[in-house]
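First comes the structure, then the notes that go with it.
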Amino acid sequence: MHNNHRSVVVLISGNGSNLQALMDFSNAGNYRISGVISNKSDAYGLQRAEQSNIPTTVVDHRQYESRDLFDQALSQAIDEYEPGLIILAGFMRILGADFVKRYQGKILNIHPSLLPDYPGTNTHQRVLDAGEKMHGVSVHFVTEELDGGPVIAQESIAVESSDDAESLATKIHEKEHVLYPTVASWFADGRLRLDGNDAFLDEQLLPETGEQIDAS
Ligand code: GRF
């Protein structure tokens, strides 16, 4: 793994609206997206990357007999871009322990809930079903535990009585598109560090729910 904090590879599986936000912000920001990798050849995010002249690679998980073999192929594709940071942006494959260890402290994920609450999928509907008043989005370091790595930052939204899963998804996406580039910039500036299961921002240990962002 390269020590260049400012070179980023983004992993996607689909639409790539977070990728778009990361690309848009990088023009003004302090990191550079060196490449975009998708496990799906028809991911719309690949077209977004190509429109911005960012190189792309497809590593199709269906062509590998095991997760280990897929992870190895993915590692190779990543290493060709020599990044200092790997950003998961709607990447819908679970990464194995060896992969996560290899890039320890250098993988970020964004998750649509206020972690540690609601890991896993279908978060908007589960939040509604539970009658929660608050919902939100978290950016966290990736560790071997799914959606369980230390939270770096999160932003909350209020759940209104008129909300459904779709309206929550729209509101969450708006927050994601600001939060993710912000955290990527922190990393690029060398302000973030993972030590075991602890995340540090400017050498301050972050609380379990990370830095609370209030953009309103
Ligand atoms: C986001 O909601 C993110 O939280 C989740 O996957 C979604 C990706 O959306 N991990 P997009 O592909 O960036 O539009």
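The values are calculated or read from the model by the stated rules, or taken from the named source; none is laboratory data. Since we're looking at a predicted model, the values are computed, not measured. Cβ sites come from the backbone with ideal geometry, for glycine too, and all protein chains shown count toward neighbours. Just the protein is used for accessible areas: all its heavy atoms, side chains included, with ligands, DNA and RNA removed. Shrake-Rupley method; radii C 1.70, N 1.55, O 1.52, S 1.80 Å.
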* To do: Give the calculated FRET efficiency between Met134 and Tyr44 to the nearest 0.05, with a Förster radius of 22 Å applied to their Cβ-Cβ distance.
  => 0.10
* **Accessible surface, 1.4 Å probe, highest first, among residues Glu203, Glu166** => Glu166, Glu203
* Structure fact -> The answer for the chain, accessible area per residue at 1.4 Å probe in Å², is 49
* Express in Å², to the nearest 10, the accessible area of Asp98 obtained by rolling a 1.4 Å probe over the protein heavy atoms while all chains stay in place. => 110
* Asked: How high is the FRET efficiency between Gln212 and Arg62 when r is their beta carbon distance and R₀ equals 41 Å, given to the nearest 0.05?
  -> 0.55
* Of the DSSP beta bridges with both residues in the chain, give the percent that are antiparallel, rounding to the nearest 5. => 45
* **Normalised contact order of the chain, rounded percent, pairs of Cα under 8 Å and 6 or more residues apart** => 20
* Which of the GluC sites (Glu not before Pro) found in the stretch 1-94 are loop residues per DSSP with 16 or fewer other Cβ atoms within 10 Å of their Cβ? -> Glu65
* Accessible area of Lys106, 1.4 Å probe, to the nearest 10 Å²? -> 40
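Taking a temperature of 10 °C and a viscosity of 1.306 mPa s, what whole-number D in µm²/s does Stokes-Einstein yield for the chain with Rh from Kirkwood over alpha carbon pairs?
This corresponds to a translational diffusion coefficient of 91 µm²/s.
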* To do: Among the lysines, select those whose C-alpha is under 30 Å from the C-alpha of Lys106, and discard any that sit fewer than 8 residues away in the same chain.
  => Lys40, Lys171, Lys175
* **Isotropic mean projected area of the C-alpha convex hull, the stretch 103-152 (nm²)** => 3.3
* Structure fact -> FRET efficiency (Arg193, Asn30; Cβ distance; R0 25 Å; to 0.05) is 0.90
* Asked: Using a 1.4 angstrom probe with every protein chain in place, what is the largest-first accessible-area order of Glu176, Glu145, Glu211?
  -> Glu145, Glu211, Glu176
* On the protein heavy atoms, probe 1.4 angstrom, tell me the percent of accessible surface of the chain carried by carbon and sulfur. => 44
* To do: Note down the nm distance, to one decimal, between modelled labels 7 Å out along Cα→Cβ at Asn53 and at Arg93.
  => 2.9
* Which net charge results for the neighbourhood of Asn30, defined as the other residues with beta-carbon distances under 15 angstrom from its beta-carbon, given Lys and Arg at +1 and Asp and Glu at -1? -> +1
